[in-house]
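A short write-up of the structure that comes next.
The values are calculated or read from the model by the stated rules, or taken from the named source; none is laboratory data. None of these values were measured; they are calculated from a predicted model. Cβ: placed from backbone, ideal geometry, glycine included. Neighbour counts: every protein chain shown.
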Amino acid sequence: MESKKQIYNLIPQQYYPKTGLIAAGMPFTEVQEKVKELGLQFPLIAKPDIGLRGSAVKKVHTEAELKAYNSKVDFDYLIQDLIPFPNEIGVFYVRYPHEETGSITGIVAKEFLIVTGDGQSTIEALIKKDPRHEMQLQVLQKEYGLELQNVLPLGELKNLVPYGNHIRGAKFLDHSHKISPQLTDVINEMCLQIPSFYFGRLDIMYNTFEELEAGKNFAVVELNGAASEPTHIYDPKHSIFFAWKELMRHITFMYEISVANHKNGVPYLSHKSGMAEYKMHLAQSKKILNF
């Protein structure tokens, strides 16, 4: 039940794309004004303000598509500039409240759901060749319709889901070996500017890793807090035992940071408040999953 827009508001503007909040039920004329006010160009991204693992996130190519999205939603959503960089990683960051320098505890690289044309097969046939991709076929049929019957030219790449979400077909790869002092400095400089941010994952799109280490040509897709997972555990090469070990390591970080925050006057979430939020989460999830 955390608002993405409220989280973006905590991040210095230079680190994330132009973003606007659209309230549920807003007349489309006002949505059009918001697009102009922000200076957004099509295609753009539309996604729930309170999200659930990539559900209802859509690349919107035209004003007509945005109008259709707006007419269908019954929840607040965001419109956002499409980030132009081709690569995406998730960087897990941990810092204790008394420290000035945090640590990167894991990096996940995201391999998008991309098919490569052979000059003979339809896009749908190419999807069916990969078991991971085929699991998304029903959703892709709903989104692309007859376009899936087109034949891709030999060697042409088509990115069917241009955002790195595991539930939407992206493959997660553990790139924690790329943690470096240079990257840690870049991430730490940014995170120190985010009030009271000590634990979580930043999903980042970037051009090249060398430029990212130099603090150039990257943008934050989202920042996730205490509900974050160290998603490098989902690399297919890892065992369930590796995953359990990493989850325990990060839960321990979260516990220790929570205790330190509490000593500094931050109250713990009460059971009653937590259960109320959980019930709201279930209601919100139902809306998004039925989109």
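Some observations on this one:
- Cβ separations smaller than 6 Å between residues 6+ apart or across chains give the following pairs from the stretch 119-143 residues that are of a type in the set (S, T, N, Q) to residues that are modelled with pLDDT under 90: 136/169.
- Matching entry among 215, 265, 200 (being at positive phi and surrounded by 15 or more Cβ atoms within 10 Å (Cβ to Cβ)): 200
- You will find that of 219, 226, the residue that is more than 21 Å from residue 85 (Cα to Cα) and in contact with a strand residue (DSSP E or B) (Cβ under 7 Å, 6 or more places away or on another chain) is 226 and no other.
- When the stretch 59-103 is filtered for residues that are among the aromatic types (Phe, Trp, Tyr) and either closer than 23 Å to residue 231 by Cβ or in the same structural domain as residue 263 (by TED's automatic domain parsing) (or both), the ones remaining, listed by number, are 85, 92, 93, 96.
- Leading residue by the ranking (farthest from the chain's Cα centre (by Cα)) among those in the stretch 1-32 that are of a type in the set (Ser, Thr, Tyr) and not in a loop (DSSP other than H, G, I, E, B): 29
- Out of 232, 238, sole residue that is touching a residue at least 60 places away in the same chain (Cβ under 8 Å) and in a helix (DSSP H, G or I): 232
- Residue in the stretch 33-52 that is within 17 Å of residue 81 (Cβ to Cβ), in a helix (DSSP H, G or I) and basic (Lys, Arg) present: yes
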